[in-house]
Structure formats: C-alpha cells, structure tokens
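Structure first, commentary second.
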Amino acid sequence: MIQQEEENEKKFKSKNKEKFRQVYSKLEKDVDFHHKMAYRFEKAYRLGKKQPDKIQMMNMEILECIAEHSAYVESDPMSLFYCLFFCIVYNNDNIVEFLRTLIQ
C-alpha cells in the first residue's frame, strides 16, 4: 500500500514538473520581454531629452528588440499594447504607427 502511494506521488510530481517547466518558461519570456521594453523606452526618453538627435537610434533599438522577440509577440498579442502603453508614458509617438500596423 505504501509503495503504491509512493509511485502515485512520483507520477504526480513528474507530471507537475513538466507543467511547471512550461509555465516557468512562458513567465521567463514574459519578464524578459517586458523588462527589455521598459528599459529601452526609458532610455530613449532620457537620452532624447538630453540629445534629441539620438532618439532615432534608440527607437531603432526598441524595434530591434520587438523583432528579436517576435515569436513571443506573436504568441501574446497583448505585449504590443504594453509597448503602446510605454509610448504614452514616455511620450514616444514615433513608434506608435509601427505598433499600430503590427496590431492590425
């Protein structure tokens, strides 16, 4: 009886480990993308205030980051709305049109 319970517990843990790995992997991708976007938008905002000629270069970094995470963006379309939110917060209207075309 005890042996049967131990086997059942092992099966349960094995199934849950795989499920946990999948959830953790998705969470890790979420956090990675959102952290990178937040950092780049803030950096573009701060650098753009000091050196307006550098804003285009920073916007290209943002677009490259979106392209780099395209698989994640396709799997979670709300991530683009997150980027739009940053466009509003950091007053970056240069990227809005690009994001609008991606959303459509």
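So which residues in region 22-59 are over 18 Å from the mean Cα position of the chain (by Cα), in a helix (DSSP H, G or I) and exposed (fewer than 13 other Cβ atoms within 10 Å of the Cβ)?
Arg46, Lys49, Lys50, Pro52, Asp53, Gln56, Met57
So, in region 77-93, how many residues would count as being surrounded by fewer than 16 Cβ atoms within 10 Å (Cβ to Cβ) and not in a helix (DSSP H, G or I)?
Number satisfying all stated conditions: 3.
On the basis of being on the phi < 0 side of the Ramachandran plot, of a type outside the set (Phe, Trp, Tyr) and surrounded by fewer than 16 Cβ atoms within 10 Å (Cβ to Cβ), does Ile62 make the cut?
Details: on the phi < 0 side of the Ramachandran plot: yes; of a type outside the set (Phe, Trp, Tyr): yes; surrounded by fewer than 16 Cβ atoms within 10 Å (Cβ to Cβ): no.
Answer is no for this residue.
For residues in region 94-104 being surrounded by 12 or more Cβ atoms within 10 Å (Cβ to Cβ) and touching a Phe, Trp or Tyr at 6+ places or on another chain (Cβ under 9 Å), which is farthest from Asp53 (Cα to Cα)?
Leu99
Where the second residue is not in a helix (DSSP H, G or I) and the first is of a type in the set (Phe, Trp, Tyr) and lies in region 15-36, which pairs have Cβ atoms under 8 Å and are six or more apart or on separate chains?
If the second residue must be not in a helix (DSSP H, G or I), the pairs left are Phe33/His69.
Bear in mind these aren't lab numbers, they're just calculated from the coordinates by the rules spelled out. These numbers come from a predicted model, not from an experiment. Please note: Cβ atoms are built from the backbone with ideal geometry, for glycine as well, and neighbour counts cover all protein chains shown.
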